[in-house]
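The values are calculated or read from the model by the stated rules, or taken from the named source; none is laboratory data. It should be emphasised that the depicted structure is a prediction, and the values quoted were computed from it without experimental measurement. Here the Cβ positions follow ideal geometry from the backbone for every residue, glycine too, while neighbour counts run over all protein chains shown. For the accessible areas, the whole protein counts, side chains as well, though only heavy atoms, and no ligand, DNA or RNA atoms are used. Shrake-Rupley method; radii C 1.70, N 1.55, O 1.52, S 1.80 Å.
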Amino acid sequence: MALNGPRPTWLTFDCYGTLIQWDEGLMAAMETILSRKGRKIEAEEFIPVYDRHEHQLEHTKPHLSFADVTAKALQLAMRDFSLEADAGDAELLTSSIGRMPPFPEVVATLRRLKQAGFKLAIISNTDDAIIAGNVAQLGGAIDRVITAQQAQAYKPSRQIFEHAWRTLGVTREELVHICASPHLDLTAARDLGFRAVWVDRGTGRRPPADYGPDAIAHGLDDVPGFFEKAGWI
């Protein structure tokens, strides 16, 4: 596996799990919610259940806002553990998302990539208002933010990626996508044929069996080294 081809004009990033500490932030909110109900559920039990419901809801029609997806996914996941989620629980989780911090190496790496001349964009399954708090923590490096709210579609749908490329004014050959989500982003890379770097943060989520990313990083700070080998920096 190696990155090759023309130097990308844009680098596009998944946000949650790639730049922002999603699993950690989700479970921090869940610890508060569950403590109110006298329960403890381990992350390795809860996250796959929540993920499954969230991804299913993102495929429903008509399009749901990410705030609604989050609230409904929480309710359904809690029900699977014989618990009830109320409106206060949903508000606590939804309001916590924009405060979830970046991974430690992210801000410095984004700054380095920006200084190397790349334009940086986020493509995220979220609402504009929710992601604003996360983007504000990224050191001013992000040039554009494309959301599911804007595209009225969630990854891995072709619709959100093609909306992003039209918005940025590029073809898929002029970008590299950097992501941590195999189910959402690497599936799209396989189906749509764009270059992708997978940031494997050790969550246990795996790429599709019939697809290999162009490079595998273990943190965002591995990415500049890949670009140096490709002759892009």
Checklist line | Filter pass, Ile41 being modelled with pLDDT of 95 or more, part of a loop (DSSP other than H, G, I, E, B) and not hydroxyl-bearing (Ser, Thr, Tyr) | finding: yes
Notebook entry, point to check: Assuming Arg39 fulfils every condition listed in (1) surrounded by fewer than 19 Cβ atoms within 10 Å (Cβ to Cβ); (2) within 14 Å of the chain's Cα centre (by Cα) apart from one, which condition is it?
Noted result: (2)
Item checked: Residues being of a type in the set (Gly, Ala, Ser) and open to solvent by 20 Å² or more (accessible area, probe 1.4 Å) - total across the range 155-179 -> 2
Notebook entry, point to check: Does the range 48-61 hold any residues that are free of Cβ contacts under 8 Å to residues at least 40 places away in the same chain, out of contact with any helix residue (DSSP H, G or I) (no Cβ under 6 Å at 6 or more places or on another chain) and either on the phi > 0 side of the Ramachandran plot or not basic (Lys, Arg) (or both), and which are they?
Noted result: Pro48, Gln56, Thr60
Check: With respect to Ser181, is the statement that it is of a type in the set (Ser, Thr, Tyr), in contact with a Ser or Thr (Cβ under 9 Å, 6 or more places away or on another chain) and under 25 Å from Asp23 (Cβ atoms) true?
Finding: yes
Notebook entry, point to check: For the range 184-199, what are the residues that are surrounded by fewer than 24 Cβ atoms within 10 Å (Cβ to Cβ), under 17 Å from the mean Cα position of the chain (by Cα) and within 14 Å of Glu162 (Cα to Cα)?
Noted result: Ala188, Phe194
Margin query: For the range 209-233, give me each residue that is free of Cβ contacts under 8 Å to residues at least 60 places away in the same chain, under 17 Å from the mean Cα position of the chain (by Cα) and open to solvent by 10 Å² or more (accessible area, probe 1.4 Å).
Written below: His218
Next item on the list: Could you check, for the range 97-105, whether at least one of its residues is surrounded by fewer than 18 Cβ atoms within 10 Å (Cβ to Cβ), out of contact with any Cys (no Cβ under 9 Å at 6 or more places or on another chain) and part of a helix (DSSP H, G or I)?
Entry: no
Note to self: Here is a check on your reading of the model: is Arg172 under 15 Å from Tyr16 (Cβ atoms) and among the basic types (Lys, Arg)?
What the structure shows: no
Next item on the list: Could you grab me the full set of residues in the range 122-131 that are in a helix (DSSP H, G or I) and under 15 Å from the mean Cα position of the chain (by Cα)?
Entry: Asp128, Ile130, Ile131
Notebook entry, point to check: Right, Ala129: open to solvent by less than 40 Å² (accessible area, probe 1.4 Å) and modelled with pLDDT of 95 or more or not?
Noted result: no
Check: Looking only at residues in the range 15-28 that are open to solvent by 10 Å² or more (accessible area, probe 1.4 Å) and part of a loop (DSSP other than H, G, I, E, B), which one is nearest to Thr203 (Cα to Cα)?
Finding: Gly17
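Quick grid of which residues meet (1) outside any strand (DSSP E or B); (2) open to solvent by 20 Å² or more (accessible area, probe 1.4 Å):
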| site | (1), (2) |
| --- | --- |
| Gln56 | yes, yes |
| Ala73 | yes, no |
| Met78 | yes, no |
| Leu120 | no, no |
| Gly133 | yes, yes |
